Amino acid sequence: MREHYDFSNGIKNPYAERLKKQITIRLDDEVITYFKAMAEETGMSYQNIINYYLLDCVREKRQLHIAFSK
């Protein structure tokens, strides 16, 4: 292995903007159980299913309407 590598002529990954970002999110047990069951049915990971669900919300510009009871 070399001691020094020259990356001055390197090209930035054109797909870097599309890569997924890792975050930490707190979800209720009920939500995790629901998506894990869906994952077993589909053979996809539950994280991917949650991501596709949220991506659909973004593309459809869905708005959350919260009504608190008095």
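Yes or no, residue by residue, for (1) over 17 Å from the mean Cα position of the chain (by Cα); (2) small (Gly, Ala, Ser):
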| residue | (1), (2) |
| --- | --- |
| ASP6 | yes, no |
| LYS12 | yes, no |
| LYS21 | no, no |
| ILE25 | no, no |
| ALA37 | yes, yes |
| TYR46 | no, no |
| GLN63 | yes, no |
| ALA67 | yes, yes |
Inset, instruction - Collect the residues in region 1-13 that are open to solvent by 100 Å² or more (accessible area, probe 1.4 Å) and either in contact with a Lys or Arg (Cβ under 7 Å, 6 or more places away or on another chain) or under 30 Å from ILE50 (Cα atoms) (or both), keeping them in residue-number order. - result: LYS12
Inset, instruction - Might you check whether a residue that is open to solvent by 100 Å² or more (accessible area, probe 1.4 Å), basic (Lys, Arg) and not in a loop (DSSP other than H, G, I, E, B) occurs anywhere in region 17-28? - result: yes
Inset, instruction - Among what's in region 38-61 and is among the charged types (D, E, K, R) and in a helix (DSSP H, G or I), pick the residue that is least open to solvent (accessible area, probe 1.4 Å). - result: ASP56
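The values are calculated or read from the model by the stated rules, or taken from the named source; none is laboratory data. Keep in mind the model is a prediction, meaning the values are calculated, not measured. With ideal geometry, Cβ positions are generated from the backbone for all residues, glycine too; neighbour counts draw on all protein chains shown. The protein model used for the area step is the full one, side chains on, heavy atoms only, and it has no ligands, DNA or RNA in it. Shrake-Rupley method; radii C 1.70, N 1.55, O 1.52, S 1.80 Å.
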